[in-house]
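Just below is one structure, and these are the notes that go with it.
The values are calculated or read from the model by the stated rules, or taken from the named source; none is laboratory data. Since this is a predicted model, take the numbers as computed values, not measurements. Because the Cβ atoms are built from the backbone with ideal geometry, glycine has one as well, and the counts that use them run over all protein chains shown. Ligands, DNA and RNA are excluded from the accessible area calculation, which covers all protein heavy atoms including side chains. Shrake-Rupley method; radii C 1.70, N 1.55, O 1.52, S 1.80 Å.
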Amino acid sequence: MPKQDDTPLMQQWRDAKSRHPDAIVFFRVGDFYEMFNEDAVEGARLLGLTLTARNNGGAAEVPLAGVPARARDEYLARLVQLGRRVAVCEQVEDPALARGIVRREVTETITPGTVLADALLNERRNNWLVGLADAGAGACALGAVDLSTGDLWAKHVASGDLTAELTAVEARELLCPQSWEGRPIAGAEDALTTFRPDWLFDGAVAAEELRRRYAVHTLESFGIGPEDAGLVRVLGALLAYLAEVQPMALAALRPPRLVRGADAVVLDDMTRRNLELTESLRGAAGAGAAGTLLSVLDQTVTAMGGRLFRHWLLRPLAAAEPVWQRQEAVAEFYEKPPLRRALRAELENVRDLERLATKVGTGRVTPREMAALGRSLQALPGVRTCLADAGAAMLVSLADGLDPLDDVCERIGATLADDPPAALADGGVIRAGWDEALDELREIRDGGHGTIARLQATERERTGIGSLKIGYNRVFGYYIEVTRANLSRVPAEYERRQTLANAERYVTRELKEWEERILGAEERIAEKEAALFTALREHVAASIPGLQEAADRVATLDVLASLAFVAERNRYVRPEVHTGYELEIRGGRHPVVETMMPREAFIPNDIRLDPEARIMILTGPNMAGKSTLLRQVGLIQLLGQMGSFVPAASARLPVCDRIFTRVGASDNLVRGQSTFMVEMQETAAILHGATERSLVLLDEIGRGTATYDGVSIAWAVTEHLHEVLGAKTIFATHYHELTQLADLLPALINANVAVREAGQDIVFLHRLQPGGASRSYGIDVGRLAGLPGAVIGRAREILRELEGTHTGSGAGLGRAGQYRPNSTPAPDQLSLFRPADHPVLDRLRRTRPETLTPLQALNLLAELRTHVLDDDGNGE
């Protein structure tokens with residue numbers, strides 16, 4: 001509500017703020033964007049600005065903070081990165097023509113999910129606004145829109161998979177019904193959550209919004225049926241929200257795309273983190289973050305190719321046929337290096353067609369960007385020519401459907417100057433010869449400039465003032481400047497306009513007449529160029545769907561060529577992807593780790609999992625490479641289902657429905673969860689979500705609690721995976737007791753990472769071999785890590801004592817003043833874990849009771865009793 005003592009300007013601000021109460025209002029005042037009251041306090045804190053005050057005409061002073069208009073995008077970017085919403089209130093009339101206060105209106109609302117300015121976007125990743133709605137039957141409707149590319153899609157998601165889907169989408173902003181406020185939504189903790197009234201998610205309201213925005217009579221044209229009521233609700237709500245915050249952007253939206261079924265493998269957050277797909281566990285994030293799979297594989301040369309590569313990486317294919325199609329295309333680029341090099345050279349000339357098309361549709365495109373669009377279209381015929389002899393079906397299809405939009409390209413080239421300026425107001429945008437009226441105006445202007453130059457020469461000769469010059473500025477227009485030393489020679493008809501420290505400035509009637517001609521021509525030139533550029537933009541806007549289709553095809557070609565380029569450079573091979581069960585990798589390597597080592601230094605390993613050996617218990621010391629081995633298997637499987645070649649000598653990979661990894665854990669202090677709780681939650685998610693077609697990679701389950709509990713849980717989890725789920729599993733552990741499961745579970749095998757002992761030293765061989773590890777070498781690793789020698793020596797003493805105590809033969813350490821383990825023989829942790837080579841057990845295993853006479857049975861029982869009494873030290 002306006003206050004009685006408000007100035008008109010503050011009344012304008014309060015009106016804007018009342019319409020956008022949840023946003024920081026950037027209020028344009030001359031050359032600054034100013035923030036007032038609570039916005040100023042928050043803005044100054046977030047942006048590091050000085051908080052001052054403006055006298056409001058009353059008793060109170062209004063808090064004020066401002067930023068220069070020329071630096072607007074820089075400050076907006078910082079606020080958006082912090083998850084804030086900003087309403088930009090612009091001056092919408094010329095101050096020189098305004099009667100009273102300049103009229104202002106909010107022209108756009110910028111939120112993390114609806115940004116359009118280049119400075120606020122990452123060119124190699126999408127900027128998703130995600131909408132959520134209930135879809136019934138334990139499912140959610142998820143819709144996503146990227147305004148910068150115009151992409152809009154929706155799908156049904158099972159409630160249990162929602163977290164993984166949100167993680168894969170990497171939402172910047174969530175749009176939810178008001179009734180969801182207070183409901184926890186895992187998977188998008190870093191996103192801004194926006195709530196809007198539930199009626200916007202009403203089926204009838206949403207359907208009408210879709211029909212109106214796309215000017216269709218029925219939603220069946222989008223493939224939407226009665227079973228898609230939830231998708232309609234979320235899509236309609238997204239469109240209504242965009243109409244509120246970025247109405248101009250709706251013109252460049254593509255028709256909604258419905259994603260049906262399981263087209264991609266869902267990678268949950270823990271798998272993405274553990275495999276370091278796009279973000280390193282050491283904290284680095286982003287498209288170029290070192291130590292990530294994306295940093296190694298993404299060698300695309302276009303921005304839209306980079307975005308698509310990220311999408312393919314985070315969503316491996318869930319069916320074999322599309323994998324084979326991609327493999328065939330990658331193989332052709334791999335086998336024909338000249339073709340690949342020629343194509344990549346052409347693609348380097350293609351700018352971001354997707355986002356340029358959106359800029360055209362929203363009226364934001366600059367002359368220089370329009371010229372870049374024209375040059376990009378000029379490169380498309382060359383792209384098609386490169387693929388003229390392609391044999392892979394996917395490449396043939398991409399090339400045949402690639403429309404170079406010749407008419408758009410020719411119109412841009414004919415209309416724009418060779419090197420147009422970044423801003424339309426700078427002039428020189430339209431090519432000479434395109435418009436006759438514009439050419440005439442330019443002749444008048446240029447002729448006037450020549451006349452001004454001749455007038456200067458004439459006045460110098462007439463007055464005898466050799467230093468006389470004619471200049472121009474926006475305040476006084478054209479003027480004649482004479483130094484003070486020559487003032488006595490100034491003719492009487494010169495009219496003084498300005499006094500400087502060392503000169504005087506004058507005008508004449510003739511000079512003012514030429515000024516009117518020149519400035520009038522320049523003003524009309526600016527108007528004419530603006531009209532011609534607008535006409536060009538509207539012409540190009542009619543082809544936005546074609547531009548977006550061309551962008552999709554170019555991005556796909558870029559990704560396929562990038563995969564082939566990396567495969568050749570890093571010595572990858574084409575895997576055999578099949579629909580069966582077996583997973584076999586020969587000479588497998590970790591695609592990221594091997595790039596950080598000297599060539600040939602990485603030790604490759606073989607892995608085979610099949611129905612008869614589907615679970616591997618992997619033992620070995622720390623630093624031996626167990627975690628690296630787990631990750632490389634997961635990454636090779638993921639790359640195979642992405643359609644990529646893989647780092648191996650050969651590989652046979654099944655199509656998995658899910659890839660689960662649990663490698664390491666940490667506290668989640670924000671949620672009040674301990675390391676062990678996080679570990680158990682992740683393990684539970686695996687056991688509930690895995691199937692026979694899944695790949696499960698586990699590292700150190702149960703170590704976050706007491707040994708007995710940890711071993712018991714690890715044992716039970718392994719049995720469940722073997723007996724119930726049947727999933728292919730590699731389980732790395734320090735619980736050597738689990739190796740005994742090989743005697744109990746027929747499809748379980750043991751393997752260890754080899755270590756060589758040389759006296760007190762150990763050498764990690766990083767090579768996988770059959771069987772369980774003999775010991776953990778934890779003290780040796782501690783020595784390599786730099787623990788003091790005294791600590792290492794004492795640890796060895798305690799280890800020997802504990803090992804002796806465990807077997808019932810040890811005594812106390814006997815060192816005064818130090819902790820001494822109980823010298824009484826301790827029972828084994830679990831009866832299941834008694835040494836398998838005890839003579840009594842060995843004799844029992846070799847005995848066949850059905851062949852013994854009663855007397856032989858009694859004699860055997862007496863013999864075994866004697867052995868047991870002797871071992872206990874209680875022999876008779």
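Pairs please, first residue from region 632-656 and closer than 16 Å to residue 603 by Cα, second anywhere and among the aromatic types (Phe, Trp, Tyr) and outside any strand (DSSP E or B), Cβ atoms under 6 Å, 6+ apart in sequence or on different chains.
646/572; 647/572
Looking at region 50-70, is at least one residue part of a helix (DSSP H, G or I), open to solvent by 20 Å² or more (accessible area, probe 1.4 Å), touching a strand residue (DSSP E or B) at 6+ places or on another chain (Cβ under 7 Å) and modelled with pLDDT of 90 or more?
The answer is yes, given that some residue of region 50-70 is part of a helix (DSSP H, G or I), open to solvent by 20 Å² or more (accessible area, probe 1.4 Å), touching a strand residue (DSSP E or B) at 6+ places or on another chain (Cβ under 7 Å) and modelled with pLDDT of 90 or more.
Give the residue, chosen from 558, 552, that is open to solvent by less than 10 Å² (accessible area, probe 1.4 Å) and farther than 21 Å from residue 654 by Cα.
Matching residue, one of 558, 552: 558.
For region 175-193, which positions are open to solvent by 50 Å² or more (accessible area, probe 1.4 Å) and out of contact with any helix residue (DSSP H, G or I) (no Cβ under 6 Å at 6 or more places or on another chain)? Talk me through it step by step, then tell me what you get.
Just the residues of region 175-193 that are open to solvent by 50 Å² or more (accessible area, probe 1.4 Å), to begin with: 178-179, 181-184, 189-190, 193.
Matches in region 175-193: 181, 182, 183, 184, 189, 190, 193.
Here is a yes/no grid of residues against (1) in contact (Cβ under 8 Å) with a residue 60 or more places away in the chain; (2) in a helix (DSSP H, G or I):
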| position | (1), (2) |
| --- | --- |
| 370 | yes, yes |
| 384 | no, yes |
| 391 | no, no |
| 397 | no, yes |
| 414 | no, yes |
| 420 | no, no |
| 425 | yes, yes |
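Which number in (1) in a helix (DSSP H, G or I); (2) open to solvent by 60 Å² or more (accessible area, probe 1.4 Å); (3) hydrophobic (A, V, I, L, M, F, W, C); (4) at pLDDT 90 or above marks the one condition that residue 438 misses?
(2)
Tell me, please, whether a residue that is open to solvent by less than 50 Å² (accessible area, probe 1.4 Å), closer than 30 Å to residue 350 by Cα and polar (S, T, N, Q) can be found in region 142-152.
yes
Can you go through 480, 465, 525 and tell me which one is in contact with a helix residue (DSSP H, G or I) (Cβ under 6 Å, 6 or more places away or on another chain), farther than 30 Å from residue 369 by Cβ and among the β-branched types (Val, Ile, Thr)? Spell out how you get there, then give the answer.
Details: 480 fails: in contact with a helix residue (DSSP H, G or I) (Cβ under 6 Å, 6 or more places away or on another chain); 525 fails: farther than 30 Å from residue 369 by Cβ.
None of the other options fit; the residue is 465.
When you scan region 111-133, how many residues do you find that are surrounded by fewer than 23 Cβ atoms within 10 Å (Cβ to Cβ) and either of a type in the set (Val, Ile, Thr) or not in a loop (DSSP other than H, G, I, E, B) (or both)?
The number of residues fulfilling the criteria is 3.
With respect to residue 224, determine if the residue is part of a loop (DSSP other than H, G, I, E, B), at pLDDT below 95 and open to solvent by less than 20 Å² (accessible area, probe 1.4 Å).
yes
Identify, from the list 414, 390, 331, the residue that is over 30 Å from residue 108 (Cβ atoms) and in contact with an Asp or Glu (Cβ under 7 Å, 6 or more places away or on another chain).
Result: 390 is the single residue among 414, 390, 331 that is over 30 Å from residue 108 (Cβ atoms) and in contact with an Asp or Glu (Cβ under 7 Å, 6 or more places away or on another chain).
Touching a helix residue (DSSP H, G or I) at 6+ places or on another chain (Cβ under 8 Å), farther than 28 Å from residue 119 by Cβ and of a type in the set (Gly, Ala, Ser), is that true of residue 319?
It is false that residue 319 is touching a helix residue (DSSP H, G or I) at 6+ places or on another chain (Cβ under 8 Å), farther than 28 Å from residue 119 by Cβ and of a type in the set (Gly, Ala, Ser).
Please enumerate the residues belonging to region 541-596 that are under 22 Å from the mean Cα position of the chain (by Cα) and among the acidic types (Asp, Glu).
552, 558
Answer yes or no: is there a residue in region 331-339 that is among the basic types (Lys, Arg), free of Cβ contacts under 8 Å to residues at least 24 places away in the same chain and either closer than 26 Å to residue 693 by Cβ or not in a helix (DSSP H, G or I) (or both).
The answer is yes; a qualifying residue exists.
Between residues in region 487-498 that are under 13 Å from residue 460 (Cα atoms) and residues that are surrounded by 13 or more Cβ atoms within 10 Å (Cβ to Cβ), which pairs lie under 6 Å by C-beta distance while being six or more apart or on different chains?
489/463; 489/465; 490/482
Only residues that are among the aliphatic types (A, V, I, L, M) and modelled with pLDDT under 60: list them for region 641-672, please.
Within region 641-672, 665, 669, 670 meet the criteria.
Collect the residues in region 71-102 that are assigned to a loop (DSSP other than H, G, I, E, B) and open to solvent by 40 Å² or more (accessible area, probe 1.4 Å), keeping them in residue-number order.
Residues satisfying the conditions are 82, 84, 92, 93, 94, 95, 96, 97, 99, 100, 101.
Are there any pairs with C-beta distances below 9 angstrom linking a residue in region 446-464 that is on the phi > 0 side of the Ramachandran plot to a residue that is open to solvent by 20 Å² or more (accessible area, probe 1.4 Å) and assigned to a helix (DSSP H, G or I), with the two at least 6 apart or on different chains, and if so which?
Listed by first residue and then by second, the contacts come to 464/486; 464/489.
Of all residues in region 318-330, how many are crowded, with 22+ Cβ neighbours inside 10 Å and outside any helix (DSSP H, G or I)?
So the count comes out to 0.
For region 751-760, name all the residues that are buried (at least 20 other Cβ atoms within 10 Å of the Cβ) and not β-branched (Val, Ile, Thr).
Residues satisfying the conditions are 751, 752.
Identify all residues within region 332-361 that are within 28 Å of the chain's Cα centre (by Cα), open to solvent by 10 Å² or more (accessible area, probe 1.4 Å) and of a type outside the set (A, V, I, L, M, F, W, C); write none if there are none.
Result: 334, 341, 344, 346, 348, 349, 351, 352, 354, 355, 359, 361.
Scan region 236-262 and report the pairs whose first residue is in contact (Cβ under 8 Å) with a residue 24 or more places away in the chain and whose second residue is part of a helix (DSSP H, G or I) and open to solvent by 70 Å² or more (accessible area, probe 1.4 Å), with Cβ atoms within less than 6 Å and a gap of 6+ or a chain change.
239/213
Within the group 172, 196, which residue is charged (D, E, K, R), surrounded by 13 or more Cβ atoms within 10 Å (Cβ to Cβ) and farther than 30 Å from residue 689 by Cα? I'd like the intermediate steps shown before the answer.
Values: 172 fails: farther than 30 Å from residue 689 by Cα.
Matching residue, one of 172, 196: 196.
Evaluate region 626-635: report whether one residue or more is buried (at least 21 other Cβ atoms within 10 Å of the Cβ), aliphatic (A, V, I, L, M) and under 22 Å from residue 562 (Cβ atoms).
For region 626-635, residues buried (at least 21 other Cβ atoms within 10 Å of the Cβ), aliphatic (A, V, I, L, M) and under 22 Å from residue 562 (Cβ atoms): present.
Being free of Cβ contacts under 8 Å to residues at least 12 places away in the same chain and assigned to a loop (DSSP other than H, G, I, E, B) is the filter; apply it to region 689-748 and report the residue that is surrounded by the most Cβ atoms within 10 Å (Cβ to Cβ).
Among those residues, the one meeting the criterion is 744.
Just to verify a result, which residue in region 835-870, among those that are open to solvent by 100 Å² or more (accessible area, probe 1.4 Å) and over 60 Å from the mean Cα position of the chain (by Cα), is modelled with the lowest pLDDT?
In the first step, residues of region 835-870 are kept if they are open to solvent by 100 Å² or more (accessible area, probe 1.4 Å); the result is 837, 845-846, 848, 850, 854-855, 858, 861, 865.
Narrowing the set further to residues that are over 60 Å from the mean Cα position of the chain (by Cα) leaves 846, 848, 850, 854-855, 858, 861, 865.
On the way: 846: 74, 848: 75, 850: 71, 854: 76, 855: 75, 858: 77, 861: 81, 865: 77.
Applying the filter and picking the extreme gives 850.
Here is a yes/no grid of residues against (1) crowded, with 19+ Cβ neighbours inside 10 Å; (2) closer than 23 Å to residue 416 by Cα; (3) in contact with a Gly (Cβ under 9 Å, 6 or more places away or on another chain); (4) among the small types (Gly, Ala, Ser):
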{"residue": "475", "(1), (2), (3), (4)": "no, no, no, no"}
{"residue": "482", "(1), (2), (3), (4)": "yes, no, no, no"}
{"residue": "494", "(1), (2), (3), (4)": "no, no, no, no"}
{"residue": "500", "(1), (2), (3), (4)": "no, no, no, no"}
{"residue": "510", "(1), (2), (3), (4)": "no, no, no, no"}
{"residue": "524", "(1), (2), (3), (4)": "no, yes, no, no"}
{"residue": "527", "(1), (2), (3), (4)": "no, yes, no, no"}
{"residue": "539", "(1), (2), (3), (4)": "no, yes, no, no"}
{"residue": "577", "(1), (2), (3), (4)": "yes, no, yes, no"}
